[in-house]
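What follows is a short report on a single structure.
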Amino acid sequence: MILNSSISAVVTGAASGLGEATARKLASYGVRVAVFDFNVQRGELLATDIGGVFCAVDVTRDDQVDAAFAKARAANGQERILVNCAGIGPATKTASRNKTTGAITHHPMDQFERVIQVNLVGSFRCGAKSSAGMMTLPPMEDEFNSGERGVIINTASVAAQDGQMGQTAYSASKAGIVGMTLPMARDLMAEGIRVNTILPGIFETPLLMSMPEKVRQALGDSVPFPKRMGNPVEYAAMVESIIRNAYLNGESIRLDGAIRMAPR
């Protein structure tokens, strides 16, 4: 797919981090970008900065997702690109013992369900609704005559394959995203819609950048090469590569500097 002003895109979780870098990258090519996020202040600022449209949305809510797509399409037209970056990652062990009192507690079930709803179900909800919209578009022509209608890019995590202590809910949600990538691609293959997933490693997201300098340095040093945390623009570059390469479909790609996470 050629990125230009004739293309519309939706990026979820776009108000910060990987989503923001992706929205900025796409907009730099003239793509009409809809910023999906629950952070109204940051989302509106980004949309204004890149000439896009902001849509306040909780990806766990059907009504809000429908309203957001309706607003985005009214402003920018039907999207050919969806990048799912919305996600959360609280850390809680499956069960634990208090070192002082000896009291035993288990992972709160509402918290586990919330992570699955945001990360996994939210990604599928947006993907299903976006793909249905893409199916209304005519196939595009390109040098390879691929007949492509659109592309969906999901965001998992290396935790999908080597989750650490306290990441049971997060890892399960991200592994689910990896697991649905190929079936989604197969579901949509006859319609010319590709589906791929990126598994980022340790990136300079707002959460990690709020940690002490020593902690961030140690995290960067743990990466085999390059020995640093990933920059969100590198994630955005991977998104661009996937969009441009029509033969890349049904794949889950680690973007991690060759790191394999230790138990803790």
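The values are calculated or read from the model by the stated rules, or taken from the named source; none is laboratory data. Bear in mind the structure is a predicted one, so any value in this text is a computation, not a measurement. Neighbour counts are summed over all protein chains in view; Cβ atoms, including those assigned to glycine, are modelled from backbone coordinates with ideal geometry.
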Looking for something under 21 Å from Arg254 (Cα atoms) and at pLDDT 95 or above - is there at least one such residue anywhere in region 131-142? no
Failed criterion for Ile88 (all others in (1) buried (at least 22 other Cβ atoms within 10 Å of the Cβ); (2) modelled with pLDDT under 95 hold): (1)
Would it be correct to say that Ile50 is within 17 Å of Pro206 (Cβ to Cβ), of a type in the set (A, V, I, L, M) and out of contact with any Phe, Trp or Tyr (no Cβ under 7 Å at 6 or more places or on another chain)? no
Working only within region 35-61, note down all residues that are touching a Gly at 6+ places or on another chain (Cβ under 6 Å) and part of a strand (DSSP E or B). Val35, Asp37, Phe54
Can you confirm whether Ala246 is in contact with a Ser or Thr (Cβ under 6 Å, 6 or more places away or on another chain), of a type in the set (Gly, Ala, Ser) and either in a loop (DSSP other than H, G, I, E, B) or more than 30 Å from Ser131 (Cβ to Cβ) (or both)? yes
What do you reckon, is Ala14 buried (at least 17 other Cβ atoms within 10 Å of the Cβ), touching a strand residue (DSSP E or B) at 6+ places or on another chain (Cβ under 9 Å), without any contact (Cβ under 8 Å) to a residue 60 or more places away in the chain and under 16 Å from Ala237 (Cα atoms)? no
Restricted to region 132-191, and to residues that are in a helix (DSSP H, G or I) and of a type in the set (Val, Ile, Thr), which residue is farthest from Arg80 (Cα to Cα)? Thr168
Can you name the condition, by its number, that Ala258 falls short on among (1) within 28 Å of Ser28 (Cα to Cα); (2) in contact with a Phe, Trp or Tyr (Cβ under 9 Å, 6 or more places away or on another chain); (3) without any contact (Cβ under 8 Å) to a residue 40 or more places away in the chain? (1)
Residue list for region 97-156, filter: farther than 19 Å from Leu182 by Cα, crowded, with 19+ Cβ neighbours inside 10 Å and either of a type in the set (Lys, Arg) or without any contact (Cβ under 8 Å) to a residue 24 or more places away in the chain (or both): none
Can you find a residue in region 58-80 that is within 19 Å of Ile242 (Cβ to Cβ) and either touching a residue at least 24 places away in the same chain (Cβ under 8 Å) or among the aromatic types (Phe, Trp, Tyr) (or both)? yes
